[in-house]
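All remarks here apply to the structure that follows.
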Amino acid sequence: MSAPSNKAKIARRVVEVLEYFDDTHREATVMDIVRRYNRPQSSTSELLSSLVELGLLYKDPHSRSYSLAPRAALIGAAGQSGIVRDGRLVGLVDRLAAQTGLSVAVFGRVGLKVQIVSWHTGPRAATQAVRGLYGGLQEPLSDSAAGWLLLSTIDQPRRDGIVRRLNAEAADERKFPVAEMTARLDDCRERRHVRGKLGFGSRADVVTALLPGRDEQHPLAIGIVFGDEDRVNRDSLLRCLDEAIEGLSASNGKVEQFQTAA
């Protein structure tokens, strides 16, 4: 595989900076970004200054820390639809984190990989289990419960070909019986939810379900993440997740329209 071009590197680093900010990281210094992504300090400082000039970040003149500007959240929002555009997805993540106290993640499919699209660390989440997890991480679809769920949305026979390819490209310790994986995916497709290992190098587990209103090409799933220290009831978490998604579907985001004064 060829090395990414300089332009590709810059694009990746811009996204990394924006993804750094979340509920537990409302502000960041240059060194915060440098340490997380192992980037050069000088180019990171220059990049952050450019993002300030573009109106994507604010810079505090006293602490010299950076924070997200509203433009960073609104770019691309108008081009979305459904629960992403009208804010219901963000509300769902906040609700689940508040109800359970656990971390909540949104997952998407990027080629043959599952990605943590959004990460929200819960107020009582087991620190060790979720250490090192944040938005943007990717791994093969076959390596995590969320990946199985997203893979299950693909129709046959294309899905069988993808499963065989994933197995062929997996490291020896990550290869799997194809028949077992096929049966697991059939179960995921029927149930539209799954419980299992979160993956991404963590020791955490996840209860995750498909979000409504998404097509086969761009499915999204939402999951509640927990570790052994959390001592949770998995069945209760699943009920909480199902009820929240049902409520999401019921509030379909329609806006009441009024006659203009003209």
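The values are calculated or read from the model by the stated rules, or taken from the named source; none is laboratory data. No experiment lies behind these values; they were computed from the predicted model shown. All Cβ positions, glycine included, derive from the backbone under ideal geometry; neighbour counts span all protein chains shown.
Only strands (runs of 3 or more DSSP E) whose full extent lies in the range 77-158 are considered here, and the ones with at least 3 residues that are in contact with a helix residue (DSSP H, G or I) (Cβ under 6 Å, 6 or more places away or on another chain), at pLDDT 90 or above and surrounded by 22 or more Cβ atoms within 10 Å (Cβ to Cβ) are 103-110. Evaluate the following for Met31: is it outside the structural domain of Ile116 (by TED's automatic domain parsing), at pLDDT 95 or above, over 23 Å from the mean Cα position of the chain (by Cα) and more than 24 Å from Ala73 (Cβ to Cβ)? Spelling it out, Met31 is indeed outside the structural domain of Ile116 (by TED's automatic domain parsing), at pLDDT 95 or above, over 23 Å from the mean Cα position of the chain (by Cα) and more than 24 Å from Ala73 (Cβ to Cβ). Screening Arg13, Arg39 for residues that are basic (Lys, Arg), under 23 Å from the mean Cα position of the chain (by Cα), closer than 23 Å to Leu133 by Cβ and not in a loop (DSSP other than H, G, I, E, B) leaves exactly one candidate, Arg13. For the range 192-202, the criterion of being of a type in the set (Phe, Trp, Tyr) and within 15 Å of Val106 (Cβ to Cβ) is met by at least one residue. Residues of the range 28-60 that are of a type in the set (Lys, Arg) and in contact with a Leu (Cβ under 9 Å, 6 or more places away or on another chain): Arg39, Lys59.
Yes or no, residue by residue, for (1) farther than 20 Å from His120 by Cα; (2) in contact (Cβ under 8 Å) with a residue 24 or more places away in the chain; (3) of a type in the set (D, E, K, R); (4) assigned to a helix (DSSP H, G or I):
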position	(1), (2), (3), (4)
Thr182	yes, no, no, yes
Asp186	yes, yes, yes, yes
Arg195	no, yes, yes, no
Gly199	no, yes, no, no
Val207	no, yes, no, no
Ile222	no, yes, no, no
Val232	no, yes, no, no
Cys240	no, yes, no, yes
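The requirement of being surrounded by 15 or more Cβ atoms within 10 Å (Cβ to Cβ), in the same structural domain as Ala98 (by TED's automatic domain parsing) and out of contact with any helix residue (DSSP H, G or I) (no Cβ under 8 Å at 6 or more places or on another chain) is fulfilled nowhere in the range 160-174; no residue meets it. The residue of the range 159-179 that is nearest to Gln115 (Cα to Cα), among those that are among the aliphatic types (A, V, I, L, M) and assigned to a loop (DSSP other than H, G, I, E, B), is Ala170.
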